[in-house]
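Peer 1: Structure provided below as structure tokens; questions to follow.
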Amino acid sequence: MTTPTVAARTPFAIDVEAGRTYWWCTCGRSAKQPFCDGSHKGSEFAPLQYQPQSAGKLWFCGCKATANPPLCDGSHKKLAP
Ligand code: FES
Ligand code: FES
């Protein structure tokens, strides 16, 4: 499996709406981070669908190394410099 591009080394704080569908970019190539803009086309990556149960601020992973996608789990702190 190809390693995703590190889009950012820190998470993105996003105010989400309950029940709305979000498409998190897994490939790291989107120009609209942390969400998919279609740039994954032609690669083995596909966006991850996410529907928050409640409204509020969430921290979406920008490094693409989280073990709890699409949210940041702190894995960005272990990235190689
Ligand atoms: Fe990255 Fe679509 S642009 S998954
Ligand atoms: Fe990816 Fe925090 S930004 S784990």
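Derivation of every value follows stated rules applied to the coordinates shown; laboratory data play no part. Predicted model, so just to flag it, every value in this text is computed and none were measured. Heads up, the Cβs are rebuilt from the backbone with ideal geometry, glycines too, and the neighbour counts pull from every protein chain shown.
Peer 1: Return the distance in nm (one decimal) between the two label points of a simple spin-label model at residue 73 and residue 5, each offset 7 Å from Cα along Cα→Cβ.
Peer 2: Inter-label distance under the simple model: 2.4 nm.
Peer 1: Let me ask something additional. Does the chain classify as rounded, prolate or oblate by the C-alpha gyration tensor (a ≥ b ≥ c root eigenvalues; a/c under 1.5 gives rounded; else a/b over b/c gives prolate, otherwise oblate)?
Peer 2: The shape class here is oblate.
Peer 1: Tell me, what HN-Hα J-couplings in whole Hz come from the Karplus equation 6.51 cos²θ - 1.76 cosθ + 1.60 at θ = phi - 60° for each residue of the stretch 42-57, using x for Gly and Pro?
Peer 2: x, 10, 7, 8, 9, x, 9, 6, 9, 10, x, 7, 9, 7, x, 8
Peer 1: Related question: Would you kindly state how much longer the chain becomes between residue 39 and residue 17 on full extension, computed as 0.36 nm times their sequence separation minus their alpha carbon distance, in nm to one decimal?
Peer 2: Between residue 39 and residue 17, full extension yields an extra 5.5 nm.
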